[in-house]
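J.: Take a look at the following structure, please.
The values are calculated or read from the model by the stated rules, or taken from the named source; none is laboratory data. All figures in this text were calculated on a predicted structure; none of them were measured in a lab. When we count neighbours, we look across all protein chains shown, and the Cβ atoms used for this are built from the backbone with ideal geometry, even at glycine.
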């Protein structure tokens, strides 16, 4: 009896202290050492401090090459690591739109160094996630992974931790989903079926593919692969527009832009809104506010560059909705409507990527027919062209492209900043016959010979 009484007394004395010494547990029930949390915070702070030290050197590069706007990208890295980073907030507060033309070469050099810094910081974060996993700090591990991906979305180690693999044409997917796709299956109504069966069902517009990106929703009854290529092209153009136009102009964010891409003319015509059907039935594509209608089946006797048409129509949507907040009534009757079409044709060829976020636009090598026409002197005098002379013919589109290219690139970009202001002004529907000279500081008639010489040089 005395023995059992002794055992009870021992338990009563020591049990409370034993329970008190148990380490706390996270929501998952996994036990961890509270001291590890402090180590995690210290390690994260060290990553922030090391990154700050490296990025301050890039601020000096911005000063050297007068890349004032690019300070924004440095601030974004610091604020991704810590939204309360004081230096990052100070940098962001001082960012200004470019008032002068920045050298593409200097911008590319800066962007390349910044990308390396982002990848370096991202790797440190994914390494930290591994350490967190070994210490069973689940929440900290998740935070570290998300930081790593915010800094560098293609961080393989972080993606692997999430159980994701990269599938060409589709991006990062859960391993199980990627495996099913690679085996020739596609999802329909929540079930995985053979690709051939799904493709057949998707040919009916009612069952069309609906592919979602960050800013676009693409519906198509062509193939899923073709739709994904179109969607990727659209999202890339959003990025190009943001980086190249956003340096000079305030841009509105836009999402939910719909692209309806039809396999046949019959599908295309049947789905055009009634009020626009007669006008656009024999076209390959057009934009209506924030919806793009396109067809794969070409107009008889023509060869369609579908990706070029897509970029053209998206540029219209961007210029109206990201620059001025909507389409202006009667815009096609304005004196400088040539520029509405000119900037859209200018963006048709796509862009050459020089570095992350740095692009060469216009790509004259893909518009040789337009350039040769102007080089040969086959164009309307600019004094007439810029005061309502634009028409719907190929000659006008060629001249609009050539003049836009000249103003964007010639004489070391002398007119580019003012051209961006004119683009915004024209899309607002407020221009008049004198707007070209007022905004660009030169009479149109003074550019006739210069435009021809510019195109002649591009042909050499």
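J.: Among the numbered criteria (1) at pLDDT below 95; (2) surrounded by 18 or more Cβ atoms within 10 Å (Cβ to Cβ), which one does residue 70 miss?
T.: Here residue 70 meets the rest and fails (1).
J.: Of all residues in region 380-411, which are touching a residue at least 60 places away in the same chain (Cβ under 8 Å) and over 19 Å from residue 348 (Cβ atoms)?
T.: 381, 382, 383 - these are the residues of region 380-411 that are touching a residue at least 60 places away in the same chain (Cβ under 8 Å) and over 19 Å from residue 348 (Cβ atoms).
J.: Name every residue in region 73-101 that is without any contact (Cβ under 8 Å) to a residue 60 or more places away in the chain and crowded, with 20+ Cβ neighbours inside 10 Å, in order of residue number.
T.: The answer is 74, 75, 78, 88, 91.
J.: While we're here: Does residue 335 fit the bill of being touching a residue at least 12 places away in the same chain (Cβ under 8 Å), under 21 Å from residue 287 (Cα atoms), in contact with a helix residue (DSSP H, G or I) (Cβ under 9 Å, 6 or more places away or on another chain) and not in a helix (DSSP H, G or I)? Let's see the steps before the verdict.
T.: On the way: touching a residue at least 12 places away in the same chain (Cβ under 8 Å): yes; under 21 Å from residue 287 (Cα atoms): no; in contact with a helix residue (DSSP H, G or I) (Cβ under 9 Å, 6 or more places away or on another chain): yes; not in a helix (DSSP H, G or I): yes.
No; evaluated as a whole, the condition is false for this residue.
J.: Hey, can you tell me all the residues within region 332-353 that are surrounded by 19 or more Cβ atoms within 10 Å (Cβ to Cβ) and in contact with a strand residue (DSSP E or B) (Cβ under 8 Å, 6 or more places away or on another chain)?
T.: 346, 347, 351
J.: Follow-up question, since we're still on this one. Whether any residue in region 254-268 is without any contact (Cβ under 8 Å) to a residue 24 or more places away in the chain and either surrounded by 15 or more Cβ atoms within 10 Å (Cβ to Cβ) or outside the structural domain of residue 312 (by TED's automatic domain parsing) (or both) is what I want to check.
T.: No, the conditions are met nowhere in region 254-268.
J.: Same structure, new question: Has region 415-431 got at least one residue that is in a loop (DSSP other than H, G, I, E, B), touching a helix residue (DSSP H, G or I) at 6+ places or on another chain (Cβ under 8 Å) and surrounded by fewer than 19 Cβ atoms within 10 Å (Cβ to Cβ)?
T.: Yes, region 415-431 contains a residue that is in a loop (DSSP other than H, G, I, E, B), touching a helix residue (DSSP H, G or I) at 6+ places or on another chain (Cβ under 8 Å) and surrounded by fewer than 19 Cβ atoms within 10 Å (Cβ to Cβ).
J.: Another question, then. Out of the residues in region 354-366 that are farther than 16 Å from residue 407 by Cα and crowded, with 17+ Cβ neighbours inside 10 Å, which is nearest to the chain's Cα centre (by Cα)?
T.: The qualifying residue nearest to the chain's Cα centre (by Cα) is 357.
J.: Determine the pairs where a residue that is in the same structural domain as residue 378 (by TED's automatic domain parsing), located within region 431-460, has a partner that is in a loop (DSSP other than H, G, I, E, B) and crowded, with 20+ Cβ neighbours inside 10 Å with Cβ atoms under 6 Å apart, the partner being 6 or more residues away or on another chain.
T.: 431/334; 431/336; 435/336; 440/415
J.: Another question, if that's okay. Is there a residue in region 367-375 that is within 20 Å of residue 233 (Cβ to Cβ) and crowded, with 19+ Cβ neighbours inside 10 Å?
T.: Yes, region 367-375 has at least one match.
J.: State whether one or more residues within region 188-206 are loosely packed, with under 13 Cβ neighbours inside 10 Å, closer than 28 Å to residue 256 by Cβ and in contact (Cβ under 8 Å) with a residue 12 or more places away in the chain.
T.: Yes, region 188-206 contains at least one residue that is loosely packed, with under 13 Cβ neighbours inside 10 Å, closer than 28 Å to residue 256 by Cβ and in contact (Cβ under 8 Å) with a residue 12 or more places away in the chain.
J.: Return yes or no: is residue 119 under 19 Å from residue 150 (Cβ atoms) and within 20 Å of the chain's Cα centre (by Cα)?
T.: Answer is yes for this residue.
J.: Would you list the helices (runs of 4 or more DSSP H) that sit entirely within region 144-234 and hold 3 or more residues that are in contact with a strand residue (DSSP E or B) (Cβ under 6 Å, 6 or more places away or on another chain) and over 30 Å from residue 48 (Cβ atoms)?
T.: 175-182, 195-202
J.: Report yes if residue 64 is exposed (fewer than 14 other Cβ atoms within 10 Å of the Cβ), part of a helix (DSSP H, G or I) and more than 24 Å from the chain's Cα centre (by Cα), otherwise no.
T.: When the stated conditions are applied, residue 64 passes them.
J.: Within region 121-142, is even one residue free of Cβ contacts under 8 Å to residues at least 24 places away in the same chain and surrounded by 16 or more Cβ atoms within 10 Å (Cβ to Cβ)?
T.: Of all residues in region 121-142, those free of Cβ contacts under 8 Å to residues at least 24 places away in the same chain come to 134, 141-142.
So of that shortlist, the ones also surrounded by 16 or more Cβ atoms within 10 Å (Cβ to Cβ) come out as 141.
Within region 121-142, one or more residues are free of Cβ contacts under 8 Å to residues at least 24 places away in the same chain and surrounded by 16 or more Cβ atoms within 10 Å (Cβ to Cβ).
J.: Among the residues of region 107-118, is there at least one that is assigned to a helix (DSSP H, G or I), modelled with pLDDT under 95, in the same structural domain as residue 157 (by TED's automatic domain parsing) and in contact with a strand residue (DSSP E or B) (Cβ under 7 Å, 6 or more places away or on another chain)?
T.: No, there is no match, as no residue in region 107-118 is assigned to a helix (DSSP H, G or I), modelled with pLDDT under 95, in the same structural domain as residue 157 (by TED's automatic domain parsing) and in contact with a strand residue (DSSP E or B) (Cβ under 7 Å, 6 or more places away or on another chain).
J.: I've got another one for you. Residue 269 passes all but one of (1) within 22 Å of residue 208 (Cα to Cα); (2) touching a helix residue (DSSP H, G or I) at 6+ places or on another chain (Cβ under 6 Å); which number fails?
T.: (2)
J.: Return yes when residue 275 is surrounded by fewer than 16 Cβ atoms within 10 Å (Cβ to Cβ) and either in the same structural domain as residue 345 (by TED's automatic domain parsing) or in a helix (DSSP H, G or I) (or both) and no when it is not.
T.: yes
J.: Here's a follow-up. When you check residue 235 against the structure, is it free of Cβ contacts under 8 Å to residues at least 40 places away in the same chain, surrounded by 13 or more Cβ atoms within 10 Å (Cβ to Cβ) and out of contact with any helix residue (DSSP H, G or I) (no Cβ under 8 Å at 6 or more places or on another chain), yes or no?
T.: Answer is yes for this residue.
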